[in-house]
Amino acid sequence: MRRATIGLLVLSLLGLGACGERDRPEQRLRAALSRTEKESKLFTYVEQVDYQPPRKERPNRPARHEVPAQRNEVRGSFEDDMRYSVVYRAGENDIAEGVVSDDALAVRVINIQAAVANNRTAFERLGVLQSTAEDTDAIKALLEGRWVVDYTAAPPLAAIVNREGVLDVGSNPAQDAIYAFQYFLRSIEESAGVIEFNPDAIGYNPADDPWSADADADLRAKGIIRFDIIPPPLPRRGGQGSVSEEPGTSHFRKMAFYVRGNRVLKVVEKIDIEGQRDFRRILDLDRGSDYHREMLRNAQEGGTRDLVRERTMSYEVSRAGEPVTVEMPIGDAVVGTIGRLLGGGDEAAASPFSAPRGKDAPADEEEAGPDTDAKNSLRDALAAAKTLYTDTNDYRVATPERLKEELPELDFVSDGPSDGPTKIGVRTPSPDEIVMVAFSPSGRCFAIREDNSVQGKGITFANKAADANMCRVAEFTGGNFSATGWD
């Protein structure tokens, strides 16, 4: 059983004491965070993410997939740290909801069409898991929008920390919202301190404050105190004119906490490379050292200590301390094993709570392999077909013409032949079955099939040596296909 409080666990994890040697505003803020985290409450977490291009891995610079511009929202209820519920909303659509009670986790996809449109990768992976996992009924229920309960899959109490020692934020907005207070504590620890907001202070500059309207809001008359974290200064020049350390997210983070009666009402954040004070002077006033100009160029090109995810975020609390009841949906729920779908790392891509994900970082020629394009085209084509199937439960609507509308970058022909990785042969033998093929320049014909019939095996794969004019669906039979992949 998970018998610990999130607050105490994360304080131990980060090596923080209740007081420490930090200043009094920080102690007051920590006390308010600790109290609010432990209380029952309702919350709304919203983030607006800026577009960020993919980038290759280079020495001291990790790879990153493309991050599309997106708006993620999570609404939730905490009865306590062992019982809570969340609803994930992407753009204008509610996508999925989850409930945790002690060791149990329940998940339901609310809008399957919007969910597939939000993250095709996640639902393609769910389809693959349906054909390879032991508990296929649970995954099928998820894809059909029914509740699934796993009595041993409640998420861990501590947030995930990546290999750079940074909280893993961005891949799963629901988890980001659940672990928000741990993120706030880590942000304070990474800062240069905490100050009480005072627009009359000598050093206050509205241009550096994303929430400068607070200067005229008379917060104190409303009983509200705003606390701001101070971003650390940019790394200094190292020996021989080199940079001793690259800047990271903490250097570009601005965060404000609104507190009333020793409770946190709202937290807002803005992470913006070009909004950093020294960088802003360069961009707006053309003032600054050559050293900082070079650092700005490097940061804009990805030369940072960690992957800087530029965004704005807000976390609002209501009904703090009032009774909140969270109940596990039992009724007609399907009992199954789905815990790994909400895990971190590679499995996160299978979660209905996963944030939208764009293209992977471009691979070098020698790393990509000659068959990569054909395989990727088939994955994209099947995801498009599944979108059409979701509307009608009939794969026969996935005609070459309709698929072309879904994926204009690919060409589709009935059966084949496919003479290249962007030309897909397609056949729908029945309402529940679709088969697609794509030819690779390596001289192999790759096929992917989904069969949702009673006797079907979900998604399966096949490949064989072939000439370009012989890469057809008709060349593959049921015995050619494997549930374990193309290799």
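Quick notes
- Residue within segment 272-293 that is within 23 Å of residue 188 (Cα to Cα), among the aromatic types (Phe, Trp, Tyr), assigned by TED's automatic domain parsing to the domain that holds residue 30 and over 23 Å from the mean Cα position of the chain (by Cα) present: yes
- Condition met for residue 423 (in contact with a strand residue (DSSP E or B) (Cβ under 9 Å, 6 or more places away or on another chain), at pLDDT 90 or above and of a type in the set (Lys, Arg)): yes
The rows are residues; the columns are (1) within 15 Å of residue 33 (Cβ to Cβ); (2) in the same structural domain as residue 89 (by TED's automatic domain parsing); (3) among the β-branched types (Val, Ile, Thr); (4) surrounded by fewer than 19 Cβ atoms within 10 Å (Cβ to Cβ).
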{"residue": "174", "(1), (2), (3), (4)": "no, yes, no, no"}
{"residue": "180", "(1), (2), (3), (4)": "yes, yes, no, no"}
{"residue": "189", "(1), (2), (3), (4)": "yes, yes, no, yes"}
{"residue": "198", "(1), (2), (3), (4)": "no, yes, no, yes"}
{"residue": "202", "(1), (2), (3), (4)": "no, yes, yes, yes"}
{"residue": "215", "(1), (2), (3), (4)": "no, yes, no, yes"}
{"residue": "220", "(1), (2), (3), (4)": "no, yes, no, yes"}
{"residue": "223", "(1), (2), (3), (4)": "no, yes, no, yes"}
{"residue": "230", "(1), (2), (3), (4)": "no, yes, yes, yes"}
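- Applying a threshold of 9 Å to beta carbon distances and a minimum spacing of six or more residues, or different chains, the list of pairs starting in segment 252-270 at a residue that is part of a helix (DSSP H, G or I) and ending at one that is among the acidic types (Asp, Glu) reads 252/272; 252/274; 252/310.
- No other residue among 13, 29 is modelled with pLDDT of 95 or more and over 20 Å from the mean Cα position of the chain (by Cα) apart from 29.
- In a residue-by-residue description of segment 331-342, the property of being at pLDDT below 80, exposed (fewer than 13 other Cβ atoms within 10 Å of the Cβ), touching a Pro at 6+ places or on another chain (Cβ under 8 Å) and more than 17 Å from residue 112 (Cα to Cα) applies to no position.
- Residues in segment 278-289 that are within 18 Å of residue 245 (Cβ to Cβ) and either touching a residue at least 60 places away in the same chain (Cβ under 8 Å) or part of a helix (DSSP H, G or I) (or both): 278, 279.
- Per-region count, segment 380-405, residues loosely packed, with under 15 Cβ neighbours inside 10 Å, closer than 21 Å to residue 144 by Cα, without any contact (Cβ under 8 Å) to a residue 40 or more places away in the chain and not hydroxyl-bearing (Ser, Thr, Tyr): 2
The values are calculated or read from the model by the stated rules, or taken from the named source; none is laboratory data. Note that the structure is a prediction, hence the values are computed from the model and not measured. In this analysis, Cβ positions are derived from the backbone assuming ideal geometry, glycine residues included, and neighbour counts consider all displayed protein chains.
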